[in-house]
There are 2 protein chains.
Amino acid sequence: MTRSTALLTDHYELTMVQAARGSGTADRRSVFELFPRRLPEGRRYGVVAGVGRALDAIEAFRFDDAALGVLEDVVDAGTLEWLASYRFSGDVWGYPEGEAYFPYSPLLVVEGTFAEAVVLETVLLSIYNHDSAIASAASRMTLAAGDRPCIEMGSRRTHEEAAVAAARAAYVAGFTRTSNLAAQLRYGVPTTGTAAHSFTLLHDSEADAFRAQVESLGVGTTLLVDTYDVAEAVRLGIEVAGPSLGAVRLDSGDLGVVAEEVRAQLDALGATGTRILVTSDLDEHSIAALAVAPVDGYGVGTQLVTGSGHPTCGFVYKLVAREGDDGTMVSVAKKSQDKISIGGRKYALRRRSTSGVAEAEVVGIGAPPADDGDGDRPLLVPLVSRGEVVGREPLDTARERHALSRAELPRTIQMMSHGEPVIPTEHV
Amino acid sequence: MTRSTALLTDHYELTMVQAARGSGTADRRSVFELFPRRLPEGRRYGVVAGVGRALDAIEAFRFDDAALGVLEDVVDAGTLEWLASYRFSGDVWGYPEGEAYFPYSPLLVVEGTFAEAVVLETVLLSIYNHDSAIASAASRMTLAAGDRPCIEMGSRRTHEEAAVAAARAAYVAGFTRTSNLAAQLRYGVPTTGTAAHSFTLLHDSEADAFRAQVESLGVGTTLLVDTYDVAEAVRLGIEVAGPSLGAVRLDSGDLGVVAEEVRAQLDALGATGTRILVTSDLDEHSIAALAVAPVDGYGVGTQLVTGSGHPTCGFVYKLVAREGDDGTMVSVAKKSQDKISIGGRKYALRRRSTSGVAEAEVVGIGAPPADDGDGDRPLLVPLVSRGEVVGREPLDTARERHALSRAELPRTIQMMSHGEPVIPTEHV
């Protein structure tokens, strides 16, 4: 869990440290900012996730002997020695986990010496870009699902460690459970499961398989009913488990139509409390389309763990201010027409109407934007203070924050069609 | 590196083990197959990657005390005990790493008891689905790049551990280097790097930054020249480093046009050997479009680590045969119109013409397909034998295999447009 994160880093960060040590600039006070230039095309809001994991990664960013051994060919002896005693001693502020974000939201503000802050670039971006992509997709899915639970089942369709982070991010964005067992061990995300087609095929008959499952796991279990013939399997399931069968799972076919048929059949068999869980390449659009079908829960896999078309957020980590020759801080930004950066330390608040509806993302350059006193919320909180992590919180806190943050966004977020960000970003 | 992989697993696999133990079917001899139903839309071939990582994961699949603690709420005491002593004791055959694949290629054939083979489902799929997605995209990029080197720089745009696996998979598919330092430590992938805009902005002038970099890293270094004005930066770079400057990097603008201008300027300055490296959201299409530009290397990030539009392969892991009541093996498959599976143990060979060009992916059901004797190649090799890993090999072997496997595919693979698989799959 806490193995070193120090090599989850790009080669150039360490050679830049070496060169900056040579030119006497490595210790210049610096402010880096992690931010999005835009939302993924057509998305109306994004969701910050990975904050807790990023804090863990900062704490575990130490170069052990194995790491230093590899780096002997990368940097000089003086830099190696500096890396050997590396420990981030600066300050970090950021949007708390679960918060909504918009273009140019200053999601993280990292202040320290240039050398200590630049080496965190890759690992912070990796975590934020991945986890926020998953949470952003997940939030649209739970929004589309309304009161029906969404269950994360995508581990098999993404890198095995990304799967654990995806389960965590989906939980922040309102998923109720995951299939991923490591997510329970590491982050306390509750798990659940049904059965695979292989379990039915293993047995000499579907009846044998259902009996085995119900006997072992109880009548509250979820039977997978589409291995052979759905209607026959539903009949058999209730025969074996009785009308208190917990749920059936549908994993193929036209889910809306089949769910209607299965609901009618279950009701006719007296199994009015037996739930219908659907799976099979669901995304926010198919979940929305199933709103009128008698479905009691959604198991979501591939489209969740791949960010539903947007597997990464495109966050960047840019130097926005640094100490000058005379010790004062100087705002800096590269000049590029196609990749705009805005120099200067940022502050942010969400402007809200008197009735609590979000109206704008207000980003202050060099100073906090003025709170107009009728419900605006500052967005940056302290995460690391003089090298000590101060922003850790229970995952459920992030999950509750997300629900509140999403609830105050204008209703147009419910449109699943492509569109502009639901509130504008204003720089002041 | 070798921490337990046992919880990188879906909840239902363990409850299925429990239920199968109850019905006396857990020890039935079973054959599972990992395969694709199709290639990603429009792709003409896929590339198998992750084999070596999967073998590591099988070896590390042991339930330690922390894992067993979590599972107390998932399975019963007898199953917990079984898990505590779990060790895969079966056999695995598979396509070796770097090999091309096509729809229904039997990429892995796992034989063991039902219980010992079913629990590997998620972790094997996670590794294969991710790593092969990256390698498949990477192979198209290196194909488009021809003799020019491709460098993997995408760590920041994907999960921090997926990044390491992506660097490894890209190397298999012909990338020459990565920016990811952990990929060097774990897999020996060579690393490289340039500098970020932050390094230029840290200094009081671009000249100061270039001097610092050249003094520390030598004239062979790569200077990033688009922080302010490209032409001025190129002039300055050669003034500082001399005409032996290793390379310049362009990261914005119309790369083809700018590369032409920079090449002319470098040549005029006598820096005829200074290379031009381009980066900035490259994919196989933009690499192909730059073929006529004076570019010496491509740094590829986001589009590589997200599989260039296809971040996962959609591989599935299905029970295809299992022991029956009488001890003989029975072929099994679910009946589903939209998700077709074919029962029975599979074998495969690549049919090649007498001149060595691939003609078909021939999949034998229940028996190896006949080799017609003029150059056909069997595709499955032993990977695990009675629980012992026998298929481990150096990463460079996989890299060389990929080059050979790709070279024997019909020339139409060079078409970057959408199309059908370049050879048909035939079941016999």
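The values are calculated or read from the model by the stated rules, or taken from the named source; none is laboratory data. Everything numeric in this text was worked out from a predicted model, so none of it was measured. We place every Cβ from the backbone using ideal geometry, glycine too, and count neighbours over all the protein chains shown.
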Report summary line: Contact list, first residue from the range B:338-354 and under 24 Å from A:A196 (Cβ atoms) and not assigned by TED's automatic domain parsing to the domain that holds B:S30, second anywhere and surrounded by 18 or more Cβ atoms within 10 Å (Cβ to Cβ) and of a type in the set (S, T, N, Q), beta-carbon distance below 6 Å, six or more apart or interchain, is none
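Here is a yes/no grid of residues against (1) of a type in the set (V, I, T); (2) at the interface with chain A (Cβ under 8 Å from one of its Cβ atoms); (3) under 29 Å from B:P424 (Cα atoms):
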site: B:L269; (1), (2), (3): no, no, no
site: B:I276; (1), (2), (3): yes, no, no
site: B:A291; (1), (2), (3): no, no, no
site: B:T306; (1), (2), (3): yes, yes, yes
site: B:G344; (1), (2), (3): no, no, yes
site: B:L349; (1), (2), (3): no, no, yes
**Report entry** Top-ranked residue of the range A:6-25 - restricted to ones that are more than 7 Å from every other protein chain (Cβ to nearest Cβ) and closer than 30 Å to B:Y187 by Cβ, ranked as surrounded by the fewest Cβ atoms within 10 Å (Cβ to Cβ)
**Finding:** A:R21
Query raised in the report: Taking the condition hydrophobic (A, V, I, L, M, F, W, C) and not in a helix (DSSP H, G or I), does B:V240 pass?
Result: no
Query raised in the report: Can you tell me how many residues in the range A:1-56 are assigned to a loop (DSSP other than H, G, I, E, B), modelled with pLDDT of 95 or more and among the hydroxyl-bearing types (S, T, Y)?
Result: 4
Query raised in the report: Which pairs have Cβ atoms under 8 Å, sit 6 or more apart or on different chains, and link a residue in the range A:161-172 that is within 10 Å of chain B (Cβ to nearest Cβ) to one that is in a helix (DSSP H, G or I) and basic (K, R)?
Result: A:A163/A:R156; A:V164/A:R186; A:A165/A:R53
Report summary line: Selection from the range A:73-87 of residues more than 28 Å from A:S331 (Cα to Cα) and away from chain B (no Cβ under 11 Å) yields A:A77, A:L80, A:E81, A:A84, A:S85
**Report entry** Residue among B:E260, B:E232, B:E206 that alone is under 35 Å from the mean Cα position of the chain (by Cα), acidic (D, E) and closer than 26 Å to A:K339 by Cα
**Finding:** B:E260
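Here is a yes/no grid of residues against (1) more than 9 Å from every other protein chain (Cβ to nearest Cβ); (2) under 19 Å from A:Y317 (Cβ atoms):
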site: B:M153; (1), (2): no, yes
site: B:R186; (1), (2): no, no
site: B:G193; (1), (2): no, yes
site: B:H197; (1), (2): no, yes
site: B:E239; (1), (2): yes, no
Query raised in the report: Regarding B:S205, is this residue free of Cβ contacts under 8 Å to residues at least 60 places away in the same chain, surrounded by fewer than 19 Cβ atoms within 10 Å (Cβ to Cβ), more than 14 Å from chain A (Cβ to nearest Cβ) and of a type in the set (S, T, N, Q)?
Result: no
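One line per residue, one yes/no per condition, for (1) under 24 Å from A:A182 (Cβ atoms); (2) touching a Leu at 6+ places or on another chain (Cβ under 6 Å); (3) within 11 Å of chain B (Cβ to nearest Cβ):
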residue: A:S4; (1), (2), (3): yes, no, yes
residue: A:E33; (1), (2), (3): no, no, yes
residue: A:A54; (1), (2), (3): yes, yes, yes
residue: A:V110; (1), (2), (3): no, no, no
Query raised in the report: Restricting attention to the range A:132-147, and to residues there that are of a type outside the set (G, A, S) and over 8 Å from the mean Cα position of the chain (by Cα), which single residue is farthest from A:V48 (Cα to Cα)?
Result: A:D147
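Condition check ((1) acidic (D, E); (2) farther than 19 Å from A:D251 by Cα) across all residues:
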| site | (1), (2) |
| --- | --- |
| B:D283 | yes, yes |
| B:Q303 | no, yes |
| B:F315 | no, no |
| B:A321 | no, yes |
| B:D326 | yes, yes |
Query raised in the report: Looking at the range B:388-409, is at least one residue over 16 Å from B:G356 (Cβ atoms), without any contact (Cβ under 8 Å) to a residue 40 or more places away in the chain and part of a loop (DSSP other than H, G, I, E, B)?
Result: yes
Query raised in the report: Taking the range A:385-428 as the search range and keeping residues that are of a type in the set (S, T, N, Q) and within 19 Å of A:S139 (Cα to Cα), which one is modelled with the lowest pLDDT?
Result: A:S417
Query raised in the report: Out of (1) in contact with a Lys or Arg (Cβ under 6 Å, 6 or more places away or on another chain); (2) surrounded by fewer than 23 Cβ atoms within 10 Å (Cβ to Cβ), what's the single condition that is false for A:V31?
Result: (2)
Report task. Output yes when any residue across the range A:171-179 is over 15 Å from the mean Cα position of the chain (by Cα) and either within 30 Å of A:R399 (Cα to Cα) or outside the structural domain of A:G299 (by TED's automatic domain parsing) (or both), and no when none is. Result -> yes
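Looking for whichever is more than 26 Å from A:P394 (Cβ to Cβ) and not assigned by TED's automatic domain parsing to the domain that holds A:R406 here; the options are A:A6, A:A26, A:A20. Which one fits?
Among A:A6, A:A26, A:A20, only A:A6 is more than 26 Å from A:P394 (Cβ to Cβ) and not assigned by TED's automatic domain parsing to the domain that holds A:R406.
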